[in-house]
């Protein structure tokens, strides 16, 4: 991979260079010259720092290169990539470089500078102008462009939601995780920043068996900074200070990596491995479920509403069916009497329950009167338009004219044949039927046949004869 940020000899001195990947015309058109005024910073172990500025531009192999003041050191991300076995010297060198980076970042404070390890150079050896432990933080925009050209589309060390010392603490936690576990907590890819925001990583307690619990907690706390629901109250500066205090003593000596670990028994190691597999399995399921929900939130909500509506309708249908009037518990004579009483009260629901196959003209009459009454009440709320039962009207004196009277009076019911034992009974019902605005009632004689159906008596046939006079 071509390094677009590197140190090369310019005018006989080692100088940090930025290969922009732009030809002279494109360099001018994209106004990259504005980056020349963007500062970098060199921080020394004694706390002093100075601003680094671009010193010139030259053309190399047809592309424009920005270079600045003399500088020595090694790129931090390359030091991290060289980290190998647990007690290898490159591990110790990487740890040392990260400690220098943390110390320099704290000395620099909230001053804006590039966070990516690829934009930082660490002076790992004493030099004339830069003592051991000096750190260079490159200009943010110029560094980010060159890192993008190197193929680093997704920065695995930094979360775009964090700023200042919190961003530095997160980056430090990620670098320590990489050195001590040999893996990055977040793998580069399209979901990397979503993983950071949700805290989707293998906890250091499982990823780094035997690591001192205090350091485990500090790394874990740093990695949770982007996760609103899980982050602690500790600030980025607090986390960096505690990490630095843990890894560096008062004399400036950096802890040996071997001193950070405790021996792990075979049984403990097996348990950690088992817990690791279980955790990854549960996490994978939870992440897939959560992201499936957010990707299909609208469809799932719509489906849930549809299912709820169907269930609501079904429950109401079942409830309505269970609450419908029935002839349960009635003998045949009671069914006949209640049928005509329902006719007078416009209780078409009970009339429907009483009939099974018989003529429904009475029900249609009751339904029509019921509908007319409701329509009048809706259009004239203050007026009284209810139909009075003819039986009640008769009991109150039965005075004419009776514009609102409807129903049956003078009802007599006699059994003509059949028996309850045989499951079929025949009755004759004679009565007067009063209509609104009619001074003379209609005299009727009905022959009703009832049959027992599923334990209830139902009217299966009505044969009606109209008679003249009362």
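The values are calculated or read from the model by the stated rules, or taken from the named source; none is laboratory data. Since this is a predicted model, take the numbers as computed values, not measurements. Backbone-built Cβ (ideal geometry, glycine too); neighbour counts: all protein chains shown.
Some notes on this structure:
- Sole exception among (1) over 30 Å from residue 45 (Cβ atoms); (2) in contact (Cβ under 8 Å) with a residue 24 or more places away in the chain for residue 231, by number: (2)
- Of all residues in region 231-255, those satisfying the criterion of being closer than 23 Å to residue 200 by Cα and not in a helix (DSSP H, G or I) are 231, 232, 233, 234, 235.
- Filter result for residue 180 (buried (at least 21 other Cβ atoms within 10 Å of the Cβ) and farther than 19 Å from residue 282 by Cα): yes
- So residue 395, is it more than 30 Å from residue 329 (Cα to Cα), at pLDDT below 90 and surrounded by fewer than 16 Cβ atoms within 10 Å (Cβ to Cβ): no
Listed here are the residues, each with its yes/no results for (1) in contact (Cβ under 8 Å) with a residue 24 or more places away in the chain; (2) within 17 Å of residue 150 (Cβ to Cβ); (3) in the same structural domain as residue 147 (by TED's automatic domain parsing).
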site: 47; (1), (2), (3): yes, no, yes
site: 50; (1), (2), (3): no, no, yes
site: 80; (1), (2), (3): yes, yes, yes
site: 92; (1), (2), (3): yes, no, yes
site: 108; (1), (2), (3): yes, no, yes
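- Of the criteria (1) under 14 Å from residue 137 (Cβ atoms); (2) modelled with pLDDT of 90 or more, which one residue 78 fails: (1)
- Matching residues, region 219-238, being surrounded by 15 or more Cβ atoms within 10 Å (Cβ to Cβ) and either farther than 16 Å from residue 167 by Cβ or touching a strand residue (DSSP E or B) at 6+ places or on another chain (Cβ under 6 Å) (or both): 220
- The residue of region 34-45 that is nearest to the chain's Cα centre (by Cα), among those that are in contact (Cβ under 8 Å) with a residue 24 or more places away in the chain and either exposed (fewer than 13 other Cβ atoms within 10 Å of the Cβ) or part of a helix (DSSP H, G or I) (or both), is 35.
- Verdict on residue 100 being within 22 Å of residue 256 (Cα to Cα) and either assigned by TED's automatic domain parsing to the domain that holds residue 121 or in contact (Cβ under 8 Å) with a residue 60 or more places away in the chain (or both): yes
- Residue within region 367-379 that is in the same structural domain as residue 346 (by TED's automatic domain parsing) and part of a loop (DSSP other than H, G, I, E, B) present: no
- Single match in 190, 258 (criterion: assigned by TED's automatic domain parsing to the domain that holds residue 124, surrounded by fewer than 16 Cβ atoms within 10 Å (Cβ to Cβ) and assigned to a loop (DSSP other than H, G, I, E, B)): 190
- For residue 154: the one exception among (1) farther than 22 Å from residue 196 by Cβ; (2) at pLDDT below 90: (1)
- Yes/no for residue 455 being modelled with pLDDT under 95, touching a helix residue (DSSP H, G or I) at 6+ places or on another chain (Cβ under 6 Å) and at positive phi: no
- Residue in region 135-147 that is crowded, with 22+ Cβ neighbours inside 10 Å, in a loop (DSSP other than H, G, I, E, B), assigned by TED's automatic domain parsing to the domain that holds residue 17 and at pLDDT 90 or above present: yes
- Here residue 189 meets each of (1) modelled with pLDDT under 90; (2) under 24 Å from the mean Cα position of the chain (by Cα); (3) within 29 Å of residue 111 (Cβ to Cβ) with one exception, condition (3).
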